[in-house]
Every structure is written in C-alpha cells, then in structure tokens.
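Below is one structure, written out as structure tokens; the observations come after it.
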Protein chains: 2
Amino acid sequence: MAETARRTDNRYGNRPTMKDVAARAGVGLKTVSRVVNGEPGVTPDTERRVQEAIDALGFRRNDSARVLRKGRTASIGLVLEDLSDPFYGPLSRAVEEVARAHGALLINGSSAEDPDREQELVLALCARRVDGLVVIPAGDDHRYLEPEIKAGVATVFVDRPAGQIDADVVLSDNFGGARDGVAHLIAHGHRRIGFIGDMPRIHTAAERLRGYRTAMEAAGIPVEEAWTSLGVTDPQRVRRAAEAMLSGPSPVTAIFTGNNRVTVTVVRVLAEHSRPVALVGFDDIELADLLQPGVTVVAQDSAQLGRTAADRLFHRLDGTLALPERVELPTRLITRGSGELPPAS
Amino acid sequence: MAETARRTDNRYGNRPTMKDVAARAGVGLKTVSRVVNGEPGVTPDTERRVQEAIDALGFRRNDSARVLRKGRTASIGLVLEDLSDPFYGPLSRAVEEVARAHGALLINGSSAEDPDREQELVLALCARRVDGLVVIPAGDDHRYLEPEIKAGVATVFVDRPAGQIDADVVLSDNFGGARDGVAHLIAHGHRRIGFIGDMPRIHTAAERLRGYRTAMEAAGIPVEEAWTSLGVTDPQRVRRAAEAMLSGPSPVTAIFTGNNRVTVTVVRVLAEHSRPVALVGFDDIELADLLQPGVTVVAQDSAQLGRTAADRLFHRLDGTLALPERVELPTRLITRGSGELPPAS
DNA sequence: CCCGCATCTGACAACGTTGTCCAGGCCCTA
DNA sequence: TAGGGCCTGGACAACGTTGTCAGATGCGGG
C-alpha cells in the first residue's frame, strides 16, 4: 500500500524533480538546488543525503526550467549550407570547440542554400533562445534578424556577408584569392582561361568571379562571353559547362573553378579529356596532391573561419565588443602541378 | 511621460512576452497564445490586432517556457566522434533531414573518441530534455543512460553497439565487408596481406579485423604477427605501420585498411613506394576513382546509417516500436584497380 | 543561564508559456 | 421578448528551477 503510493509519486515516464529529491532526502527544495549547483552553505551530512536521493531517483536537472529562470541557454546556433560538404564539417567542428570552451552546446542546421529555410532555422533557434548565432547566409536580406539582435542575440556571419543589416562578418579573401589564382595561370602562359562557379547570387561566387575578371583585365586579356559559367554546382551542369569551354573553335587552355565541388567535377572531366588543360581550384580538396597532376588550389582554412567567428561571438557575449566589424582571412595558393601546365599549342 | 513609461515596460535587452503583447493589443494573455499557436476561437479582428502587436514588439515565443509546460522539446541530440570527418558529415546531415521532417531540431556534439566526453555530452543533452538521442559511442559502458532511457529518452546507437545495455543499434556489416574485401585480395593471388586499423577497443575496428582473420583462415593462410597493426589513426602512426609491413625480409604484397583516414595515409605511402602494392580500404573516399590506380574500397553508406537510425528513433517516439533491435546494413565492394593488382613477384 | 551571532535551511515568488474552466455577449428560436 | 445554446475572451494554476529573505539551530561569550 505504502509501496504503491510511493510509486505513484513519480509517475511512470515522468522524470523526478527537485521536489521529489527533496521529499526523499527529507530536506527543502532549495537545499537540493544548492547541492545540484554546488553552492556553499550545505553541511556535508545533508549533502550526502541529497546526493543519495539524486542517485537513487536518477534525477537530472531540467535545463528548460533553468533557462527560463536564468535567461541564458548556454547554447549557440550555427546555420550553414550543408553539413555533409567537406568545407563545412571542419568549420562546424571548430565552432563547436570554441563553444565547448565556453561551456556552450552547438545546435546546427543546414539551410540547403534556401533563404526561406535559413530564416526558418534562424528563427527556430531564436525561439530556443540561443545565446548567439553563427550564420552562413543563404539569403541576402537579414532584416528579419534585427529584433533578435536588438534583443541581445549575438550574431556573426561567416563566409558571406549579411544582407541589409550591419553585423559582424568573417570572410575569406575571395576576391584576392581568385585574382591570384588566375594570375598564376596567366603567369604560366595562359590567356584563354575559363571560370566555372556557383550561382551569381552567392557572394563568394560573385567575388571570385570579380577576382577572375580583375586578373584578366590586369593582364590585358578581354574576357569572352563563353569563358564564364555560373550556376548550381551539381555535377551535370558543371560537366556541361566544362565540356562547352573545352570544345568549339577556340577552346580554353585553363580553367579556374569556383569551389571544391566544381573542382572535383572538373577534375573528372579533365581526366577524360585528351589535351592537358591547366586547372586551379578555389578550396583545397583531400587527395588533391596525389592526383596526376596534383591539383593546384587557392586554399581557405574553413576551421579558422569557424574559430574566428565563434571567438568573436563569445567576445560579443562577454560584452567586450561594440561595433560590428568585418574580418577578412587570407587565402593561400598551393601549387601542385595542374596550375603549372603550359597552354597546349 | 507616457512615452517613458511605455519604454520602461519592455526593459532594454529583455524580450517582449505574451503579456506585453496582450497589453498592447488590449486582449487577454490566452488570446495571444491562441493567435501565436494558430488555435481556433479568435475573431479575425482580434487576431489582426494581436498580430500587429506581435510585429510591432518583435515578439518571439520563448520555447523554453513552452517546453517546460508541454514536456517535449522537439529536438534530438546526435553525439558522434568528429563532425569534420567526411564519414560523419553525411550521417549528421541525414539525421538532420529526418528530424526536420518531424519538426525537430538537431543538436550535435563531437566526443573526439573520448568516453568521458561522450558521457558529458549525452548527459548535457538529456538535461536539455532532448526527445531522443542518436549516439555513435566512444565508450563501452552505457549504463549511465539507463535512467534516461527509462524516463523516455528514445535512444539509438549507430555505427557501434551500446555497451552493457540493451538498446537499438544500427550497424554496417563490418565483419562481412572486411572479410569480402580481404577475400577479394586473396582472389587476386595475394597471401601476404597486411591489416591496418583503428584502436582495438573500437567495435568497428575489432569487427573488421575479425573479418580479415576469417578471410585469411578460410583461405588457409596463417596470419603473421607483423601483418596486423591497430592503433590511433593519425598519419604518423599509420605511416610507420605501413612502412614496417612493406619492408623487412618478407613484406606484404597487399594491404587492407580499416577506415577512410587510414586509407588516405596508406595511399600516400604507396605513392612513394617503388613496388606496386595492392590496396583495399574500408569506407569510400572522394576522388578515389581518379587516383592511379583507382582505390578499391568496401563502401558503407553513412547517410543511410544516419537515416535508418533517425527513422527508428522517431518510430520509437511515436510509440510504434517495442523491443530494441539490431539492424545491420550491407556494404558494397567497389573495384577500381588498386585491389586487382597482382602480387609483385 | 541567557543573549547574540553565525551558519544552515526552507518557504515563497517569479521566469513565460499552455490547459482548464468560467463569464459574458450574441444570436436564434419559441 | 425571454430563454437557451454557442462562441469568444480572460483569470488562474501549473510546469521545474533559482533568487530572496526570513526562520531555525547551535555555539560561544558575558
């Protein structure tokens, strides 16, 4: 009978609460709270009794209630394009490590390059009251974030700038990297150089194209319409674009690829191609050094991007930073052979 | 004066609450709740007034409070080894997609192959009251999860089984895949075959080694001590292990590598090696088809692993499933050349 | 022996939301 | 026109935790 009553106390499937622990230990609610949070002012004997009750009941503090009371969630959100892209994996991991160092958890979501989905995710994270947000934007209008930022959600944009609002942003030197990569091809004698990149509405794609154009212009080479192709990065489209550039009356002798996925596909196309074609790609790719020839790339450090952004975010949470800033990280040209091929006669 | 008073109502840095919205719209608290949640029983006119107040104040529902009240967080946790590993990126993404389809967010954490950190992460997620957990275990004792599971946290283990508890688990056929991969090498005339794998305490590593031994035994080949090497997968150790196998009085003529990271390093070692050495690796790797020779692999579909696990998890949350089950997904041998090299004489 | 103080403990309110329940107003019918 | 039913809106409690504050307990000094 007493057994039954006791069992009914902690309803099946319901977690024990501090109240249950307090009842079992024969102490007050607040004392349990003190023990759970390691606050001082509890005699060792009381603490032991409470701890025993906690272990016996399998009590675990409910962080939702805690958050509600304290206002901080100790979690940050990361919205990126696609976690399965090898560019974003290390970035996410780097953000997680910084968060961990600050005792925070990371919630991340993939926008799949869809602005609506980005907004949906960001607002869902805000509803969870994340302390901060790291966003790799898919859209180009982030005014919807203004009330959140004003309400104290620290926000840092990475890889691409925010649209229509003033916020911290951490970028790679997309323009300079692409310019130098293309200049590298020009220095090896190429003039007919193709550019295959992501959709033009994506900031990085536009910047890299600008770098390409600038390098060409600096060398006095007029860019022909047929040499540039921007669009989705799925293999089919990229393959068609590459094949188009490589055929026709005056084919390109070199290609600059706008990101890792494009590079991978173009490497495949070139492997099937009879003439050697020079290649420089934006983003490093695994095993690039073992291909024949090795793939020359403009490498950006995605982990460093993530780390820098997360550091900024936590500085902002500490109240250290004031004005939004724009940080630009350098890229690095890694020569491995493919960019040093001379133009086929 | 009135202005000042109004401003003080929503203290700076504090979010507006339903109370604030209700006051501004001149309605009751519950009416706001109804509008926010799309519940019926509100006249269009009232709804409009409430919506205007929401927009004007930039109100966003506090999900912590909601969770506290409702008991469900609509979020699941994923604990894996390292998000930056190309094997786990797609897995995480797949879990996220399933979660999204069920209206849930994904919180993930990297255990860095450290059992303590795994436990710390898992318990932190439980404190947030995630509805479910997908765990790629680093440790081999998960009894600490028992109270959580009993309390209703749906839990599915992936890639490796749980230790000391009975729980759902989704695995690849590590044993069969490795056995078939090694048999493939044997079929091409190899007898002196090396195995380089991850630390023996990791289930997948042990199973793959067992597959290797079984294949060798089936062919009547006694395995020499020097042919197997298990340990951390950092390039230095793997490189030393490979070089040791390839030198000495009777070097191996083929190597079976136990996961993607080992394969990458061994490919590098073999590229510098004079004699051709056959290679079959567990896990597919990007660009493996473009190397000379292409790398033959035993591929597992990490996205499918994640999807399967997440599906199971949500089935369990729906209360559809009863007993824990063990699901094993097949692997696929992809021949590309490196596994078909004949033994060097 | 009693008072005062320090130390430890517990009652209570509050965080922002949702579920329950009731009040009031409206319309329809007899 | 009165009565009944239906529909909308609001007051209130509860979720589990933490901060505040006051009460209890014990000990030492006067």
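Remarks
- Identity of the residue in region B:291-340, in a loop (DSSP other than H, G, I, E, B) and acidic (Asp, Glu), that ends up farthest from residue A:268 (Cα to Cα): B:318
- Residues that are at pLDDT 95 or above and not hydrophobic (A, V, I, L, M, F, W, C), drawn from region B:235-250: B:235, B:236, B:237, B:239, B:240, B:243
- Being open to solvent by 30 Å² or more (accessible area, probe 1.4 Å) and either over 27 Å from residue B:258 (Cα atoms) or not assigned by TED's automatic domain parsing to the domain that holds residue B:310 (or both) is a description that applies to residue B:152.
- Test set (1) at positive phi; (2) exposed (fewer than 15 other Cβ atoms within 10 Å of the Cβ) - residue A:39 fails condition number: (1)
- Screening residue B:258 on (1) at pLDDT 95 or above; (2) farther than 17 Å from residue B:333 by Cβ shows it passes everything except condition (2).
- Verdict on residue A:301 being crowded, with 18+ Cβ neighbours inside 10 Å and either acidic (Asp, Glu) or assigned by TED's automatic domain parsing to the domain that holds residue A:78 (or both): yes
- Test set (1) touching a residue at least 12 places away in the same chain (Cβ under 8 Å); (2) over 21 Å from residue B:70 (Cβ atoms) - residue A:100 fails condition number: (1)
- Of the helices (runs of 4 or more DSSP H) lying entirely inside region B:28-130, those carrying at least 1 residues that are at the interface with chain A (Cβ under 10 Å from one of its Cβ atoms) and within 15 Å of DNA strand C (Cβ to nearest atom) are B:44-57, B:63-70.
- Residue check: residue B:237 meets all listed conditions (1) within 14 Å of chain A (Cβ to nearest Cβ); (2) open to solvent by less than 60 Å² (accessible area, probe 1.4 Å) but one, namely (1).
- Strands (runs of 3 or more DSSP E) (entirely within region A:225-290) containing at least 1 residues that are in contact (Cβ under 8 Å) with a residue 40 or more places away in the chain: A:254-257, A:278-282
- Taken over region B:15-27, the criterion of being assigned to a loop (DSSP other than H, G, I, E, B) and either within 6 Å of DNA strand C (Cβ to nearest atom) or under 12 Å from residue B:52 (Cα atoms) (or both) is satisfied by B:17, B:26.
The values are calculated or read from the model by the stated rules, or taken from the named source; none is laboratory data. All values derive from a computational prediction rather than experimental measurement. Backbone-built Cβ (ideal geometry, glycine too); neighbour counts: all protein chains shown. SASA here: full protein model, heavy atoms, side chains in, ligands and nucleic acids out. Shrake-Rupley method; radii C 1.70, N 1.55, O 1.52, S 1.80 Å.
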